[in-house]
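Written below as structure tokens is the structure these notes are about.
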Amino acid sequence: MLIIYIAGFIVCMGLALCLTPLVKKFAFAIGATDVPNARKVHTRIMPRLGGLGIFLAFVLGLLAISPFVPYEFSTRDVNFIKALLSGGGLIVILGSLDDKFELSAKIKLLGQIAAACIVVFGFNITVDFVNIPFNNTYSSLESWIAIPLTIFWIVGVTNAVNLIDGLDGLAAGVSGIAIATIATMAFLMGNVMVAMLCLLLLGSIVGFLFFNFHPAKIFMGDTGSLFLGFCLALLALLGFKQIAVVSFITPLLIIGVPLSDTFFAIVRRKLQKKPIFAPDKGHLHHCLRELGFSHRQTVLIIYGIAAFFGILAVIQSSAALYEANWVTFVVICVMLFFLQIGAEITGLIGKTKRPLLDFFARLRMKANAERGSKS
């Protein structure tokens, strides 16, 4: 299987390297381009639709190596693959139309809900169980809770990845790190199907990044960001299904960067009394650029944050194997602390909302005053 994994990764990377230049020409031919404006950082017309290269490389790579897999997938595994391809295909069509015609937010949302419904009702994939943190019990979810929760999860994660697609290579790289995290967990759990899908998708992303990392030659567009978000939602959803070893905290950690950026965007807009879906320049990558970091430095910093979340996810899921609930508690505390500190330093919520930093500043001033009085 290791040879199959490596071969699949290489095949998909090669396909992405070959297909992306063709997609670039196709994007220019049909006018699927991105024109610079006040909210965007690029200064010239760029082809979009790059996600089509990722999707085609992934699908063709899957078809190419499937006959050589010395493993018989279960009915559930086959259903999951079909759900990924069917729902993902609809998402790619939706994203391609948006890259060409710039669809309204309502139409895109309806398309995402339709793709999620394909997964839930077409292939019966839902969040059936959740692990209760700090307790070795598992709660079964009734269908009236499981179905809307699953749809909400898929649509939410799909949009979260789409929101961070603001710099060259950012969404692709962050998604790739999250996919690599899921692949690592799949290896630890012995989940052959998930590990294979992750490595095929990762190879497609790496091949595309040769053309998408700064300075980018093509953007993935909504075709890519929505497809990768959809794939992440489904692959991370398996964290809920593997109830024996993973708590519901793990999927949240895997996609911590897009989810936290989306969460702070909602909080920020609420505080500023703006509509939740109103675009702004307050996302993490915008804030880091305002702090003086270059384009590449900003992307690499966010890659580091994504890797940090990935490491926490692997630690937490590994600890769950041994029912070490105290590790989950520590992971949650560390995650919340660094999220808050990071948000205050970068100004994600607002330039004046710095409760923790102000608290530490007061402690430092008090300590300095006490040292001064003693001397």
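All but one of (1) within 25 Å of residue 179 (Cα to Cα); (2) at pLDDT below 90 hold for residue 280; state the number of the condition that does not hold.
Here residue 280 meets the rest and fails (1).
With open to solvent by less than 60 Å² (accessible area, probe 1.4 Å), at negative phi and modelled with pLDDT of 90 or more as the only criterion, which of 73, 123 stands out?
The conditions single out 123.
Residues in segment 52-70 that are among the β-branched types (Val, Ile, Thr), at pLDDT below 95 and in a helix (DSSP H, G or I): how many?
Residues in segment 52-70 being among the β-branched types (Val, Ile, Thr), at pLDDT below 95 and in a helix (DSSP H, G or I): 1 in total.
Can you name every residue in segment 159-185 that is more than 17 Å from residue 312 (Cβ to Cβ) and not in a loop (DSSP other than H, G, I, E, B)? Show your work before the answer.
Pass one, segment 159-185, residues more than 17 Å from residue 312 (Cβ to Cβ): 159-173, 175-176.
Residues satisfying the conditions are 159, 160, 161, 162, 163, 170, 171, 172, 173, 175, 176.
Can you tell me how many residues within segment 85-129 are of a type in the set (Val, Ile, Thr), touching a residue at least 40 places away in the same chain (Cβ under 8 Å) and closer than 12 Å to residue 150 by Cβ?
Total satisfying the criteria: 4.
Which ones in segment 331-356 are modelled with pLDDT of 80 or more, part of a helix (DSSP H, G or I) and surrounded by 13 or more Cβ atoms within 10 Å (Cβ to Cβ)?
334, 335, 338, 339, 340, 341, 342, 343, 344, 345, 346, 356
Mind telling me which of the residues 218, 205 ends up being touching a residue at least 12 places away in the same chain (Cβ under 8 Å), of a type outside the set (D, E, K, R), buried (at least 24 other Cβ atoms within 10 Å of the Cβ) and outside any helix (DSSP H, G or I)?
On the way: 205 fails: outside any helix (DSSP H, G or I).
After applying the criteria, what remains is 218.
Look through 276, 315 and report the one residue that is part of a loop (DSSP other than H, G, I, E, B) and either open to solvent by 30 Å² or more (accessible area, probe 1.4 Å) or farther than 27 Å from residue 329 by Cβ (or both).
Of the residues listed, the single one that is part of a loop (DSSP other than H, G, I, E, B) and either open to solvent by 30 Å² or more (accessible area, probe 1.4 Å) or farther than 27 Å from residue 329 by Cβ (or both) is 276.
Looking at segment 29-38, is at least one residue part of a helix (DSSP H, G or I) and either touching a strand residue (DSSP E or B) at 6+ places or on another chain (Cβ under 9 Å) or closer than 27 Å to residue 237 by Cα (or both)?
First pass over segment 29-38, keeping only residues part of a helix (DSSP H, G or I): 29-30.
In the following step, the residues that additionally are either touching a strand residue (DSSP E or B) at 6+ places or on another chain (Cβ under 9 Å) or closer than 27 Å to residue 237 by Cα (or both) were identified as none.
No.
Can you tell me how many residues in segment 147-176 are among the polar types (S, T, N, Q) and open to solvent by 30 Å² or more (accessible area, probe 1.4 Å)?
2
The values are calculated or read from the model by the stated rules, or taken from the named source; none is laboratory data. In this text the structure is predicted, and so the values were computed from the model without any measurement. Methodologically, a virtual Cβ is constructed for each residue, glycine included, from the backbone with ideal geometry; neighbour enumeration extends over all protein chains shown. All accessible areas refer to the heavy atoms of the entire protein, side chains included, with ligands and DNA or RNA removed. Shrake-Rupley method; radii C 1.70, N 1.55, O 1.52, S 1.80 Å.
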